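The values are calculated or read from the model by the stated rules, or taken from the named source; none is laboratory data. Everything quoted here is computed from the prediction, not taken from an experiment. Here the Cβ positions follow ideal geometry from the backbone for every residue, glycine too, while neighbour counts run over all protein chains shown.
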Amino acid sequence: MKLSLPVEVCYILERFTKQNYQIFLVGGAVRDLVMGKKLQEIEDYDFTSDASPAEIQALFPESFYENKFGTVSVTLENLLEELAKNYQSPADNLGTLTKKTKPALERIIDLKNASKIHISLQDKAIQSEASTKDRVTNLVQFPPFEITTYRSDGDYTDHRRPESVTFGQSLADDLERRDFTINALAISVEPEVLHKIFADKKLQAIYELTERDFKLIDLHQGQADLNKKIIRTVGKADQRFTEDALRMLRAVRLAVQLDMDIDTDTYYAIKYHKDSLKFVSFERIRDELLKILASANPARGIELLDQTGLLPAIIPELYQGIGMQQRGHHVSDVWTHSLDALRHCPSPDPVVRLATLLHDIGKPLTYKEEKGEITFYSHDILGSRIASKIANRLRLPKKDVQRIFILVRYHMFYYQPEHSDASIRRFIRRVGFDNIDDILDLREGDRLGSGARKTSWRLEEMKQRIIEQLNQPMGLDDLNINGHDLMQELQLKPGPMLGQILDKLLELVLEKPELNKRSQLLEEAKKISEQFR
């Protein structure tokens with residue numbers, strides 16, 4: 001086994017060994033390194049040491065210590081400053097961890113193909129591109145390096161956190177408290193190797209180590225479980241899940257992220273302790289759920305949550321679709337179709353994937369059968385409300401709750417070639433410029449999940465017509481008149497009437513963009529105002 005480590009990680013290890021402290025790289029980073037993942041795919045680095053928090057802070061004066069669990073955090077920025085100050089190295093040799101990105105996806109509605117974009121959409125286009133890029137690339141700040149003193153946990157009375165923490169005496173004490181065997185691996189690097197690295201003032205961004213340069217400590221057969229692709233708890237599963245109920249969700253998430261199976265004893269312990277998930281906050285549940293949805297196989301994640309009995313505590317509404325048959329091109333019940341749609345949704349965004357999973361959540365409550373015909377009239381309207389309640393329950397940010405509402409509400413959009421340009425503009429306005437790509441991704445998942453083809457000539461024609469209409473007014477801000485103009489020219493007072501007149505003017509302009517002239521809008525506003533008198 002060979003090992004590649006960023007210079008920042010080596011620097012932390014060297015600072016400890018130079019002062020004769022024990023220091024080990026632990027947790028998910030070790031698991032990922034043993035699995036052969038690329039450094040760009042490793043999300044954070046954790047360490048454990050025999051040094052006390054006060055001693056750790058003495059080594060890194062700019063660190064911060066704000067918890068009772070013995071964890072000291074050191075930021076990447078602080079490390080880079082120290083390295084730049086103490087070593088002569090080109091700037092691009094450092095900061096490798098900040099360059100961890102994934103390629104941005106191409107947008108379905110490609111603005112490069114739009115012959116012209118209305119001036120009101122130019123800023124929105126830039127913001128939308130940036131927003132999409134942020135959702136599909138890792139541009140967030142690299143998390144701090146966490147260094148924890150060897151510790152042992154006390155009793156867990158709330159099924160989440162230990163009542164007390166005592167500092168342990170050895171690495172074995174620390175690894176004993178970890179959740180799963182694949183996360184209970186540790187790596188130590190030989191001190192002379194580290195000293196040699198930093199004896200040279202010219203640093204490299206990454207160092208390649210051989211088996212003679214480091215040791216892999218495996219006290220719980222974690223490497224064997226990695227090879228067998230098994231998620232298994234450290235010690236008795238019943239005890240691990242009684243201590244921290246969130247570990248049950250983590251087991252599912254790791255199984256999906258790493259394409260592994262859950263060990264039999266661990267699996268049945270989850271089923272037995274499933275009800276203790278109620279002790280976990282929805283913020284924590286949301287974070288794990290979004291990671292499951294962001295994985296390469298989100299549908300399998302939902303299936304595992306169902307099989308282990310955890311799903312009823314998260315999204316019980318999904319179960320109403322089991323056995324509920326559909327009509328037309330659908331070949332499965334609502335439950336199966338929802339999973340299949342999620343399976344085929346091309347968007348990497350977990351919020352879009354959640355909306356795809358929930359897009360038919362309103363069908364069970366709108367089901368009717370008359371004369372052998374099954375209908376779900378207005379399931380999109382009712383479903384958007386249910387989906388919003390679920391998103392709020394999961395403590396999603398307001399903007400994501402709104403996105404889910406819009407995607408579910410308008411996922412049934414319908415297109416025919418005879419539809420007017422105005423109807424295309426109304427669609428863009430209803431859905432919102434930022435959500436066009438997302439709703440088309442949901443539609444693709446919906447089609448494939450129904451057994452239909454990925455797209456159709458109608459859908460492709462609609463995409464092209466959307467691009468063609470991006471040069472037209474879309475919102476109230478695009479009108480060449482505003483509320484102040486109406487008050488001044490028509491002697492109107494502030495109040496609801498102003499908004500109603502502007503809305504009607506926008507409807508006229510959506511239908512006939514050539515009316516968007518101040519004089520004509522004032523003339524139309526006079527006619528509309530008369531209707532309110």
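Within segment 300-335, the set of residues being among the hydroxyl-bearing types (S, T, Y) and more than 23 Å from the chain's Cα centre (by Cα) comprises Y319, S332. Figure legend. Inter-residue proximity from segment 67-80: first residues assigned by TED's automatic domain parsing to the domain that holds F47, second residues surrounded by fewer than 19 Cβ atoms within 10 Å (Cβ to Cβ) and assigned to a helix (DSSP H, G or I), beta-carbon distance below 8 Å, spacing 6+ or different chains. Indicated pairs: V72/Q57; L76/T98.
Among the residues making up segment 387-410, those that are farther than 29 Å from E461 by Cβ and either buried (at least 18 other Cβ atoms within 10 Å of the Cβ) or among the hydroxyl-bearing types (S, T, Y) (or both) are S388, I390, A391, L394, L396, D400, V401. Test G309 against the criterion of being modelled with pLDDT under 95, out of contact with any strand residue (DSSP E or B) (no Cβ under 9 Å at 6 or more places or on another chain) and either among the hydrophobic types (A, V, I, L, M, F, W, C) or not assigned by TED's automatic domain parsing to the domain that holds K38 (or both), and give yes or no. Criteria not met by G309.
Residues considered: Q464, Q469. Of these, the only one that is at pLDDT 85 or above, assigned by TED's automatic domain parsing to the domain that holds G445 and closer than 24 Å to H411 by Cα is Q464.
Please give the helices (runs of 4 or more DSSP H) falling wholly within segment 430-503 in which 1 or more residues are in contact (Cβ under 8 Å) with a residue 60 or more places away in the chain. Let's see the steps before the verdict.
Numbers: elements: 436-449, 457-468, 483-490.
Because the criterion is at least 1 residues that are in contact (Cβ under 8 Å) with a residue 60 or more places away in the chain, the helices (runs of 4 or more DSSP H) in segment 430-503 that meet it are 436-449, 457-468.
Among the residues of segment 411-429, write down those that are part of a loop (DSSP other than H, G, I, E, B) and crowded, with 19+ Cβ neighbours inside 10 Å. Result: H411, single match. Go through segment 251-283 and report how many residues are surrounded by fewer than 18 Cβ atoms within 10 Å (Cβ to Cβ), in a helix (DSSP H, G or I) and under 24 Å from the mean Cα position of the chain (by Cα). Going through segment 251-283 one residue at a time, the tally reaches 5.
Against the test of being modelled with pLDDT under 95 and either outside any strand (DSSP E or B) or on the phi > 0 side of the Ramachandran plot (or both), the options E66, E14 yield a single qualifying residue, E66.
Could you list, in sequence order, all residues of segment 288-319 that are of a type outside the set (S, T, Y) and surrounded by fewer than 16 Cβ atoms within 10 Å (Cβ to Cβ)? Spell out the reasoning first.
Kept after step one, since they are of a type outside the set (S, T, Y), are these residues of segment 288-319: 288-294, 296-307, 309-318.
Those that are of a type outside the set (S, T, Y) and surrounded by fewer than 16 Cβ atoms within 10 Å (Cβ to Cβ): A296, Q307, P312, P316.
So in segment 171-202, with the set limited to residues that are in contact (Cβ under 8 Å) with a residue 24 or more places away in the chain and over 35 Å from the mean Cα position of the chain (by Cα), which one is surrounded by the most Cβ atoms within 10 Å (Cβ to Cβ)? Here the answer is L194.
Among the residues of segment 223-245, which ones are part of a helix (DSSP H, G or I) and out of contact with any Leu (no Cβ under 8 Å at 6 or more places or on another chain)?
Step one: of segment 223-245, the residues part of a helix (DSSP H, G or I) are 223-228, 237-243.
Hits for segment 223-245 are A224, D225, L226, N227, K228, A237, D238, Q239, R240, F241, T242, E243.
Within segment 420-438, being modelled with pLDDT of 90 or more, more than 31 Å from the chain's Cα centre (by Cα) and either outside the structural domain of V401 (by TED's automatic domain parsing) or not hydroxyl-bearing (S, T, Y) (or both) holds for no residue.
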